[in-house]
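The values are calculated or read from the model by the stated rules, or taken from the named source; none is laboratory data. These numbers come from a predicted model, not from an experiment. All Cβ positions, glycine included, derive from the backbone under ideal geometry; neighbour counts span all protein chains shown. Calculation scope for accessible area: heavy atoms of the full protein, side chains included, ligands and nucleic acids excluded. Shrake-Rupley method; radii C 1.70, N 1.55, O 1.52, S 1.80 Å.
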Amino acid sequence: MYSFEEVMSFVEEENVSFIRLAFCDIHGVQKNIAIMPGELRRAFDTGISFDASAIEGFESEVTSDLLLFPDPSTLQILPWRPSSGRVVRMFCDIRRPDGSLFERDGRKILRDAAAEAEKAGIRCNFGTEFEFYLFKTDEDGNPTQTPYDNAGYFDIAPLDRGENIRREICFTLQDMGITPEASHHEEGPGQQEIDFRFADPMTTADNATTFKNVVTAVAMANGAYADFSPKPLKLKSGSGMHINISVTSDDGRDVQDSFMAGIMEHIGEITLFLNPHADSYRRLGEKKAPSYISWSHGNRSQLIRIPAAPPEGRRFELRSPDSNANPYLAFAVLIYAGLDGVRRNLLLPPPTDANLFTASGSVTAGLDRLPASLEEARTLARNSSFLKSVLPSDFLAAMSLE
């Protein structure tokens with residue numbers, strides 16, 4: 001953790017002119033307000049106020065004042081901004097005027113979930129694999145529906161025209177302290193994938209939010225538009241945000257199976273937080289996106305697969321989420337669901353070792369399915385006693401579910 005004095009020294013030494021105080025709305029869309037260095041002391045001591053009634057899902061006009069307090073551990077230079085008069089960014093905690101933490105802040109909800117896991121002796125690490133499309137822009141810089149290239153899976157230049165953009169994204173992430181693990185062209189025309197290294201839940205959620213900002217900025221600087229929507233092209237592959245989770249216990253127990261079983265039991269109720277848009281459900285059920293609640297080793301047609309890895313890299317991959325999810329809320333509900341599985345010692349069903357995209361009805365007949373539409377997912381969330389037990393009391397109402 002940096003102190004105020006250390007942050008102030010950094011700002012002076014790096015010729016910083018603007019400090020972006022960043023947070024996310026209830027849907028995970030990043031917002032920010034920029035202050036000058038002279039306002040840093042006030043930000044740390046008393047917070048920077050903003051009109052919460054203008055942020056969807058936050059507050060009404062009657063109780064509209066909330067305050068941003070920067071988290072100095074998240075201090076990062078934005079490399080794509082000018083080097084003279086630099087810009088830095090810090091994520092913020094959100095507080096009410098009485099000093100209490102704002103209950104609907106995604107970072108607070110995730111922090112509480114991680115603390116609940118730690119209290120139970122369970123430690124989770126998360127890693128994300130982002131898929132997205134690059135589209136060409138018109139003469140005014142507006143996005144078109146023309147893919148940046150017509151390359152396919154793992155193709156190379158010159159077919160793969162996104163190679164240099166991915167390279168610049170990876171270097172920018174490295175400059176910000178985020179370590180990319182792999183990048184490549186995906187199946188769809190203009191579709192890309194970049195994965196970065198796992199970390200604790202909060203760091204990974206902050207990095208996921210930063211990642212989308214970096215990709216958007218670098219693509220724009222190269223005359224392209226980055227599209228993170230789950231199904232931008234009707235007949236082509238959708239884009240997911242696969243979530244890798246590793247779970248360990250302080251007492252040495254193997255809790256991964258029961259953690260997975262908890263997620264599988266609650267997946268219907270929490271799918272709204274993993275797949276929040278109508279287009280999310282046009283992606284599920286085709287081209288490697290799951291529709292059944294199942295698991296297997298290595299099998300990419302499943303909801304959960306266990307990748308081949310050495311013991312120290314043991315993890316499982318949840319394949320249903322997409323990039324429109326709020327990562328703070330997504331990780332939080334997954335932690336709570338997994339903890340419920342561990343506490344109740346839930347058992348995994350047998351693995352489904354079949355290609356579920358081509359399997360016969362005799363194979364799929366006994367499997368439950370993910371919600372088939374946004375409305376079905378909303379109904380399951382609205383009626384979920386589990387979600388009501390782990391989320392703030394008015395959270396579902398703030399999402400217009402009650």
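For the chain, set up a Gaussian network in which alpha carbons nearer than 10 Å are linked by springs, and say which option among ILE55, ILE335, ILE122 fluctuates the most.
Of ILE55, ILE335, ILE122, the most mobile in the Gaussian network model is ILE55.
Leaving out ligands and nucleic acids, and using a 1.4 Å probe, what accessible area per residue does segment 1-140 come to in Å²?
46
So which lysines pass the test for LYS119, namely a Cα distance under 26 Å, with those fewer than 8 places away in the same chain ruled out?
Leaving aside lysines fewer than 8 places away in the same chain, those within reach of LYS119 are LYS108, LYS388.
Residue by residue through segment 336-344, what is 3J(HN,Hα) from phi via Karplus (6.51 cos²θ - 1.76 cosθ + 1.60, θ = phi - 60°)? Round to whole Hz and write x for glycine and proline.
Each residue of segment 336-344 in turn: 5, 5, x, 4, 4, x, 5, 4, 8 Hz.
Near TYR148, within a Cβ-to-Cβ distance under 9 Å, what is the net charge of the other residues, with Lys and Arg +1 and Asp and Glu -1?
Net charge in that neighbourhood comes out at +1.
Near LYS31, which aspartates and glutamates are there with a Cα under 17 Å away, not counting those fewer than 8 places off in the same chain?
Excluding near neighbours in sequence, the set is ASP51, GLU56, GLU59, ASP65, ASP71, ASP93, ASP105, ASP206.
So what's the Cα pair-distance distribution over the chain, bin width 20 Å, in %?
In order of increasing distance, the bins hold 26, 58, 15, 0 percent.
Order of 314-321, 219-226, 373-380 by packing, highest average Cβ count within 10 Å first?
314-321, 219-226, 373-380
Filter the chymotrypsin sites (Phe, Trp or Tyr not before Pro) in segment 91-182 to those in DSSP coil with at most 15 other Cβ atoms within 10 Å of their Cβ, and list the result.
Sites meeting the loop and neighbour criteria: TYR153, PHE154.
Sorted by accessible area with a 1.4 angstrom probe, largest first, how do ASP149, ASP200 fall?
My answer, sorted largest first, is ASP200, ASP149.
Considering Cα pairs under 8 angstrom that are at least six residues apart, work out the relative contact order of the chain and quote it in whole percent.
Relative contact order, the chain: 15 percent.
What residues qualify as long-range amide H neighbours of SER49, i.e. H under 5 Å apart, gap of 5 or more or another chain, H built at 1.01 Å from N?
LEU68
At what distance in angstrom do the alpha carbon centres of segment 110-170 and segment 306-345 lie from each other?
19
Just to confirm the filter: which GluC sites (Glu not before Pro) across segment 94-163 are DSSP coil and have at most 16 other Cβ within 10 angstrom of their Cβ?
Sites meeting the loop and neighbour criteria: GLU103, GLU139.
Hey, what's segment 264-402 come to in accessible area per residue, 1.4 Å probe, Å²?
42
Highest mean first, how do 281-288, 75-82 rank when packing is the count of other Cβ atoms within 10 Å averaged over residues?
281-288, 75-82
If you place +1 on the Cβ of every Lys and Arg, -1 on the Cβ of every Asp and Glu, and leave all else neutral, what size is the dipole of the chain about its Cα centre, to the nearest 20 Debye?
That gives the chain a dipole magnitude of about 740 debye.
State whether segment 257-378 is rounded, prolate or oblate according to the following rule on the C-alpha gyration tensor (a ≥ b ≥ c being the square roots of its eigenvalues): a/c under 1.5 gives rounded; otherwise a/b larger than b/c gives prolate, and the remaining case gives oblate.
Cα axes put segment 257-378 in the rounded bin.
Can you check what the net charge comes to around PHE357, using other residues whose Cβ is under 15 Å from the Cβ of PHE357 (Lys, Arg +1; Asp, Glu -1)?
Once all neighbours under 15 Å are counted, the net charge is +4.
What is the extension gain from ALA397 to ARG42, computed as 0.36 nm multiplied by their sequence separation minus the C-alpha to C-alpha distance, in nm to one decimal?
124.5 nm
Using a probe of 1.4 angstrom, how much of the accessible area of segment 170-302 is carbon and sulfur, in percent?
48
Under 24 Å from the Cα of LYS136, which lysines turn up, not counting those fewer than eight places away in the same chain?
Within the straight-line cut-off, LYS136 pairs with LYS212, LYS231, LYS234, LYS236, LYS287.
Using the alpha-carbon centroid of each, what span in Å lies between segment 354-402 and segment 277-295?
So the separation of the two Cα centres works out to 12 Å.
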